[in-house]
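Inspection log for the structure reproduced underneath, given as structure tokens.
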Amino acid sequence: MIFARIAGTGSHLPGEPVTNDDLVRRGIDTSDEWVTVRTGIRARHFAAPGTNSSDLALIAARQAIEAAGCSSADIDLIIVATSTPDFIFPSTATLVQAGLGIRNNCAAFDVQAVCCGFVYALATAEKFIRSGSHRRALVIGAEVFSRILDWTDRSTCVLFGDGAGAVVLEASDEPGVRAMALHADGSHHPDLWVPGNVAGGQVMGDPFLRMNGQTVFKFAVKALDEVMREVINLAGVPQESIDWFVPHQANIRIIQSSAKHLGLPMEKVVTTVGIHGNTSAASIPLALDCAVRDGRIRPGQRIVLEGIGGGFAWGAALIDV
């Protein structure tokens, strides 16, 4: 039987950290205390003009490939999760493919599930590998959310940042990805969305991110608790066997609530929201790579990944490292 396991991780954050005080100096009507108390966010990174999601993704991808001990030529599938692609088309994944110098024998495409995009992309890649059609996939979450923020709306513009994270997922004789669960409920789309588009060469509607924060918070706490229990049951493992929890980095209070329901102390939760902000599809692989590189997450351990994003779309994965 063919399984899929994570062979390497990588990540990239553009530029220097932008603190809450930096935002105040830029004219945002907020304060460090207001942001930190409500979200746990102290800083985030913003891409420079002209730097796109594919640029961040390419750096993270190269790190993941190196960590996996393989070469670009070994990759036969690239999936990029992003809500901020470089273009309407081609896909950001094909741009990464070109940047890596991969030709012909490699499928490449994007998926869009906002902040849960990486989990959706990982689930997709896992199915390709387990089918036997592909051997080694590059799964990336990359965002430049700073491009869709309304800088007059302090309830949203202080929350997000830019970045990319990547993993190499490869075929294995031993289980790595043990279970995954994905869900969506499109009736909630007005609670977290960008209600605009481009038509006839003009922006139609509102081109900025809009969010009903209270609704998102309440739904996220309930949905994430349920999907974590679901994925643990699907894997058939005891809850106490979880070594690390790597959640989507949106709000420290949501993370704390999820950890409590999972029965894990915060010492076993990977949190980067304080220094990265919410990087949407990039947040889970960014946090994962941080914990792998600093030695917290090690081979032989068991982790749970989970996230929720606009739509709503949410999901979780239970993985043996």
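State which residue is farthest from residue 144 (Cα to Cα) when the search covers only the stretch 232-258 and only residues that are of a type in the set (A, V, I, L, M, F, W, C) and either over 18 Å from the mean Cα position of the chain (by Cα) or part of a loop (DSSP other than H, G, I, E, B) (or both).
This residue is 237.
Kindly indicate whether residue 182 is within 30 Å of residue 17 (Cα to Cα) and touching a residue at least 40 places away in the same chain (Cβ under 8 Å).
So residue 182 does not fit the description; no.
If you check residue 140 against the conditions, is it crowded, with 24+ Cβ neighbours inside 10 Å, over 12 Å from residue 83 (Cβ atoms) and more than 15 Å from the chain's Cα centre (by Cα)?
Answer is no for this residue.
Please enumerate the residues belonging to the stretch 239-272 that are out of contact with any helix residue (DSSP H, G or I) (no Cβ under 8 Å at 6 or more places or on another chain) and open to solvent by 70 Å² or more (accessible area, probe 1.4 Å).
240, 260, 267
If I ask for residues that are in contact with a Phe, Trp or Tyr (Cβ under 8 Å, 6 or more places away or on another chain) and in contact (Cβ under 8 Å) with a residue 40 or more places away in the chain, which ones from the stretch 251-282 would you list?
Selection gives 251, 253, 258, 262, 277, 278, 279, 280, 281, 282.
Answer yes or no as to whether residue 305 is buried (at least 24 other Cβ atoms within 10 Å of the Cβ), at negative phi and of a type in the set (A, V, I, L, M, F, W, C).
Here the answer is yes, as residue 305 does meet what is asked.
Tell me the residue from 103, 130, 147 that is open to solvent by 30 Å² or more (accessible area, probe 1.4 Å), over 30 Å from residue 197 (Cβ atoms), at pLDDT 95 or above and not aliphatic (A, V, I, L, M), please.
That would be 130, the only listed residue that is open to solvent by 30 Å² or more (accessible area, probe 1.4 Å), over 30 Å from residue 197 (Cβ atoms), at pLDDT 95 or above and not aliphatic (A, V, I, L, M).
Residue check, residue 163 against (1) under 20 Å from residue 143 (Cα atoms); (2) surrounded by fewer than 18 Cβ atoms within 10 Å (Cβ to Cβ); (3) touching a helix residue (DSSP H, G or I) at 6+ places or on another chain (Cβ under 7 Å), all met but one. Which one?
Among (1) under 20 Å from residue 143 (Cα atoms); (2) surrounded by fewer than 18 Cβ atoms within 10 Å (Cβ to Cβ); (3) touching a helix residue (DSSP H, G or I) at 6+ places or on another chain (Cβ under 7 Å), residue 163 violates only (2).
Would you mind finding the one in 206, 162 that is modelled with pLDDT of 95 or more and either polar (S, T, N, Q) or over 20 Å from the mean Cα position of the chain (by Cα) (or both)?
206
Looking at the stretch 277-292 only, could you name the residues that are open to solvent by less than 10 Å² (accessible area, probe 1.4 Å), part of a helix (DSSP H, G or I) and either touching a strand residue (DSSP E or B) at 6+ places or on another chain (Cβ under 6 Å) or not hydrophobic (A, V, I, L, M, F, W, C) (or both)?
280, 281, 282, 283, 284, 285, 286, 287, 288, 289
This table checks each residue for (1) over 28 Å from residue 124 (Cβ atoms); (2) touching a strand residue (DSSP E or B) at 6+ places or on another chain (Cβ under 6 Å); (3) surrounded by fewer than 12 Cβ atoms within 10 Å (Cβ to Cβ).
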| site | (1), (2), (3) |
| --- | --- |
| 191 | no, no, no |
| 194 | no, no, no |
| 201 | yes, no, yes |
| 208 | yes, no, no |
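Output the residue which, of all residues in the stretch 81-96 that are within 23 Å of residue 208 (Cβ to Cβ) and of a type in the set (A, V, I, L, M), is surrounded by the most Cβ atoms within 10 Å (Cβ to Cβ).
81
Look at residue 152 and say whether it is under 24 Å from residue 56 (Cβ atoms), among the polar types (S, T, N, Q) and not in a strand (DSSP E or B).
Here the answer is no, as residue 152 does not meet what is asked.
The values are calculated or read from the model by the stated rules, or taken from the named source; none is laboratory data. Just so it is clear, the model here is predicted, and its values are computed rather than measured. Every residue, glycine as well, gets a Cβ built from its backbone with ideal geometry; the counts of neighbours run over all protein chains shown. Quick note on the areas: whole protein, heavy atoms, side chains included, nothing else; ligands and nucleic acids left out. Shrake-Rupley method; radii C 1.70, N 1.55, O 1.52, S 1.80 Å.
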